[in-house]
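Notes follow the structure.
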Amino acid sequence: MLVPRPETEVLVEKVLELSTRESEAILDIGTGSGCIAVALAKELPRAHIEAVDISERALRVARRNAARHKARHIRFQKSDLFSAFRGTGLRFDFIVSNPPYVSRRDYDGLPADVRDFEPRRALLAGESGLELVERLVRRAATFLRPGGYLIFEIGDGQRDRVLGLFGERWTEIETAWDLAGTPRVITARRA
């Protein structure tokens, strides 16, 4: 359950920029500590937010954080990406995620305050670092309403490979940079 970092603010700001401020449905995949879901709940009180994580421990922390911040319109549940929603017919206006995106090769080079204190599962995403991102992009359109947005965080040096994952089901694919000038957040709209 990753400690929120300033880079994640870029993701939240992008959702707020695109939101109609109506009763939108938002899915936060890999919610971890719940920081994205809670921030969005506070800023978008009319939104219905689903927050999922594969870790029950992370979900307990996220529930406590939501209660502490009085963010009551978030439903937390255990799910491996979209598994909890298969066959439900639920569709979202926004799917947001700060997925694990660190490759095995880059993991040992992470700053000690990240590598030694964060759960490995919250950071490491296989050999390339894009294994979960690939699954996210491949499946997200099925769970988005037409015109809905997929917004997610990426790692340094991943932008070009991530942009290559999008096909004809997507439009308005954009990159947002963090305060350090690193491409950090990808936004894509379901056609």
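Observations
- Filter result for V185 (surrounded by 14 or more Cβ atoms within 10 Å (Cβ to Cβ), part of a strand (DSSP E or B) and out of contact with any Phe, Trp or Tyr (no Cβ under 6 Å at 6 or more places or on another chain)): yes
- Positions within region 144-174 being surrounded by 14 or more Cβ atoms within 10 Å (Cβ to Cβ), touching a helix residue (DSSP H, G or I) at 6+ places or on another chain (Cβ under 9 Å) and part of a strand (DSSP E or B), in sequence order: G148, Y149, L150, I151, F152, E153, W170, I173
- Test: residue in region 27-41 that is under 21 Å from L150 (Cβ atoms), free of Cβ contacts under 8 Å to residues at least 12 places away in the same chain and among the polar types (S, T, N, Q): no
- Filtering region 13-33 to residues that are at pLDDT below 95 and either among the small types (G, A, S) or in contact with a Leu (Cβ under 7 Å, 6 or more places away or on another chain) (or both) leaves R21, S23, G30, G32, S33.
- Here S103, S55, S128 are screened, and the one residue that is farther than 26 Å from E168 by Cβ, of a type in the set (S, T, Y) and modelled with pLDDT under 70 is S103.
- Any hit, region 64-81, residues being touching a residue at least 24 places away in the same chain (Cβ under 8 Å), out of contact with any helix residue (DSSP H, G or I) (no Cβ under 8 Å at 6 or more places or on another chain), more than 23 Å from R184 (Cα to Cα) and of a type in the set (G, A, S): no
- Residue list for region 52-63, filter: over 14 Å from the mean Cα position of the chain (by Cα) and either more than 16 Å from K42 (Cβ to Cβ) or without any contact (Cβ under 8 Å) to a residue 12 or more places away in the chain (or both): S55, E56, R57, A58, L59, R60, V61
The values are calculated or read from the model by the stated rules, or taken from the named source; none is laboratory data. What you are looking at is a predicted structure, and each value in this text was computed from that prediction instead of being measured. Don't worry about glycine lacking a Cβ; one is built from the backbone with ideal geometry, like all the others, and counts go over all protein chains shown.
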